[in-house]
Structure formats: structure tokens, C-alpha cells
Amino acid sequence: MTDDELEAQLVALRSRVRMLEDVESIKKLHRTYVRHLADRQWDDMLVMFTSDAVVDLRHHGVRHGHAQIAELFGAMRAAGNPPDGYVLSSPVIDVDADTAIGAWTWHRHRCEFPVMGGQLRVFGPWWEGRYRCTYRRDEGRWKFSAMHFRLVAPDPDGGADETDTAQVRGERAIGGAGHAI
Amino acid sequence: MPSDDRGVRAELVAELGRLGARLRDLEAVVEIEDLHRGFTRAVADRQFDTLSGFFTADAAIDMRRHGEVHGRDAIKRHFDGMESVPLTGAGYLLSSPVVHVTGDSAAGEWTWHRFVADATVAGRPVRVWGVWEEGRYRCSYRRTEYGWRFSRLHFRVVRPDDDDSFSDRSDDE
């Protein structure tokens, strides 16, 4: 093998190794984010986003940049600390140089619900959601540059238009959706 | 071979070595994830006699209310004791591994769920769907001649009732 051939193979190999490292780093980022979400460690989450990140979580509206995302997390912090379980699964990550896109499945298991005079422990209810995100390498570290999240089951999130469309399709409106993430 | 060519060749060989090291770290993450998943599957299948084999000889474990246990022999006795704990109808889900490898050692954090379907009411078994617990593993791993093993395993249930504030429990992982 000539030096040129060896160098060409090394360049290709370097690219493949780097892509595998990037996928692993992005998985770590997103898994740590959801673990922080479960633990309500809001203060550790903002740095996981680029300064110009766009976040669109359920009914909360689109937020642009750190200041608005911090405001969103502040509102979520004020919603309390429910003892819910979170499962993140099925990552599919595609890396293109310094950007990437990723889709994940999310489950939240709830067990406490407000009743008159307190909280009632009831096991069983769960939600399934989808993350569709873009990530960007920012000074050598992968961060979220856009995060889109919606519930998809048992009651999918939807705006007024989506609800109308569902009703046209004859789908029933079932109570229970529309709670804070 | 001219000296310039030898220099280029040496740099290419060095680069190959660096890529090999990065690939080795990526492989280590996969091997460690396999180790931990295999451990949890063995716990779920109640294969307690196999569990001590997942640990280094000098490993330490700190699981829930049991306190720290040091050394593989003591760990084996710990898991032998779990055989007497009747826990059926439980499903285990291990997710969100974050593993950092540094040479021949590593640190990892995982989320754990147990879904319980059997309860006892007035001494009789009752099938109850929906009950779950969420836990956290924080572990250290070490590469041995037999592959990666746990050198330290820390585990706590964190939700809906965390171990540290709800210590009067009779069940186990």
C-alpha cells in the first residue's frame, strides 16, 4: 500500500470513527437531558442548548434562545415535582458534519393525581411522546439547536386545527391530554 | 526510503494508532452496556448464582438499604440471600446509558424501571397492573482479562418513593 492509499484509508476511517463518536455523544446529551428532566434539575438543562436554540414543547409555544427557554423551564419548575417515571428509547440519529437530527420515543408513567385535599396514588396511566430534534456542535460539544416534542398516545397533542381534523376523521376526544410536560 | 517519506509514514502510523484507541473506546462502551444489560436480565430472570461473575474480585456494591458490600465473595453471599426474596411477576427495563470510558476504567449512569404485577392481599396473591418503580444506577467498571466487569455498583430507587426517605421496605432489586 502506498502512502497516498494509506492516507486515503485513514481519512475515511477517521470520518467513520468521528461519526460513531458523534452519535454516542448526542445520545449521552439527550439521555442526560431526560434524566435531568425526571429529576427536575432545571438549572443543569439550559446549557444543553445552543444560545439560539428553538424549543417547541407541546402547548407551551415556540421559544427562541436561552432567555426564553429559561423562562419556559422556570414555568415548568413552578408546576411542581411530580414523582413520575421517564423512559427514553429508540434513538435514531443522523449526523452530517457539525449538525445532526434525531428522533426518540419517550414514555412518562404517572402515579399521583390531585384530588380534594391531597394527592391520590394511582398506578397505570402513561403517555407516549416523540422528540424530533436537531443538534449542533458548539465549541466542540454537541447541544440541542432545536427541540420539538409532542404526545402521540393515548391522546395526541394537537392545536385547534389538528383537533378539528381529528374530529372530521371521527376520532373521539378523550379527556386527559393537555397537561404540562 | 527518503527521510521525508519515513516521516509521513510515521505520522500515518501514529494516526492509525490514535484511531485505534478511539475505536477501542467506542467498543468499550458497547461491551459495558452489554455487561450491564446482561446483569439486569440475570436479575430479572432470578439467576442469582451468576451475578457475582459480573464483578471484579475487589468490587463494592451499595444497593438500596443493604449497606456497602465489599469483595466478590461477599457480593455472592449478598445475592445468594436474595434467592429467598419471593418476587414474581416483575418486569425490568434498563434505559438511557451514559458511559464514559477512560482507558481501562469507566463510569456509567443508567435509568432502571421495574414493573410489578403481583401483590399480596391478606396473604393471597393478587394481580395488579400498573405499579412501577424508577431507579438509578451509578457504576464504575474496569477492564479485566475476562472483559469488562463492575468495580462498583450503586443503586437507589428514586421514584415514586425514593429509598432515602422511605427506608422501611421489604423488597429488593
- [ ] Just tell me how shielded A:92-104 is by partners: mean number of partner chain Cβ atoms within 10 Å of each residue's Cβ, no decimals.
- [x] 0
Task: Tail fraction, Cα-Cα pairs, chain B, threshold 30 Å, whole percent - done: 30
Open item on the list: Can you order the peptides A:104-111, B:24-31 by their average number of other Cβ atoms within 10 Å per residue, highest first?
Closed with: A:104-111, B:24-31
- [ ] Using only Cα atoms, find the angle between the long axis of helix B:3-44 and the longest principal axis of chain B, and express it within 0 to 90 degrees, rounded to the nearest 10.
- [x] 10
Task: Karplus 3J(HN,Hα) series, Hz, for the stretch A:46-55 with 6.51 cos²θ - 1.76 cosθ + 1.60 (x for Gly, Pro) - done: 4, 5, 7, 10, 5, 5, 10, 5, 10, 10
Task: Residue order, fewest to most beta carbons within 10 Å, for B:Asp62, B:Asp73 - done: B:Asp73, B:Asp62
- [ ] Note the full-extension length gain between A:Asn81 and A:Asp98 as 0.36 nm times their separation in residues minus their Cα-Cα distance, in nm to one decimal.
- [x] 2.6 nm
Open item on the list: Under the 0.36 nm per residue contour assumption, what length would be gained going from the current alpha-carbon distance of B:Val30 and B:Val121 to full extension?
Closed with: 28.5 nm
Task: Sequence-distant residues sharing a close amide H with B:Phe55 (under 5 Å, placed H) - done: B:Phe150
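May I ask for the percentage of alpha-carbon pairs in the stretch A:18-127 that lie more than 21 Å from each other?
Cα-Cα pairs of the stretch A:18-127 separated by over 21 Å account for 46 percent.
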Open item on the list: What does the extension gain come out to for B:Ala57 and B:Leu19, with contour length at 0.36 nm per residue minus their alpha carbon separation?
Closed with: 10.5 nm
Task: Angle in degrees between helix A:65-78 and the longest Cα principal axis of chain A, rounded to the nearest 10 - done: 40
Task: Antiparallel DSSP beta bridges within the protein assembly as shown, as percent of all bridges there, nearest 5 - done: 90
- [ ] Please give the peptides B:9-22, A:32-45 ranked by average Cβ packing (other Cβ atoms within 10 Å per residue), highest first, as a rough proxy for protection.
- [x] A:32-45, B:9-22
Task: Rounded to 5, percent antiparallel among DSSP beta bridges of the stretch B:37-173 - done: 90
TODO: Return the sequence-ordered ³J(HN,Hα) values of the stretch A:11-28 in whole Hz as given by the Karplus equation 6.51 cos²θ - 1.76 cosθ + 1.60 applied to θ = phi - 60°, using x for Gly and Pro.
DONE: 4, 5, 5, 4, 5, 5, 5, 4, 5, 4, 5, 5, 4, 5, 5, 5, 4, 4
Task: FRET efficiency, 1/(1 + (r/R0)^6) with R0 51 Å, evaluated for B:Ser3 and A:Gln119 via beta carbons - done: 0.10
TODO: Step through the residues of the stretch A:82-87 one at a time and calculate ³J(HN,Hα) from phi using the Karplus curve (6.51 cos²θ - 1.76 cosθ + 1.60, θ = phi - 60°), rounding each to whole Hz and writing x for Gly and Pro.
DONE: x, x, 9, x, 10, 10
- [ ] Could you check what % of the DSSP bridge pairs in chain A are antiparallel, to the nearest 5?
- [x] 85
Task: Distance histogram for the protein assembly as shown (every C-alpha pair counted, 20 angstrom bins, percent rounded to whole numbers) - done: 24, 51, 22, 3, 0
- [ ] For n ≥ 4 DSSP H runs only, could you compute -39500 (n - 2.57) per run for chain B, divide by its residues and tell me the 222 nm figure to the nearest 500?
- [x] -11500 deg cm²/dmol
Task: Residue-averaged [θ]222 nm for chain A, counting only DSSP H segments that reach four residues, each worth -39500 (n - 2.57) - done: -11500 deg cm²/dmol
Task: Label zone at B:Asp104, where the point sits 7 Å out along the Cα-to-Cβ direction: the stretch B:146-161 residues whose backbone N lies under 20 Å - done: B:146-153
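Computed from the coordinates by the stated procedures, all read-outs in this text should not be read as laboratory data. Keep in mind the model is a prediction, meaning the values are calculated, not measured. Positions of Cβ are backbone-derived with ideal geometry, glycine not excepted, and every protein chain shown enters the neighbour counts.
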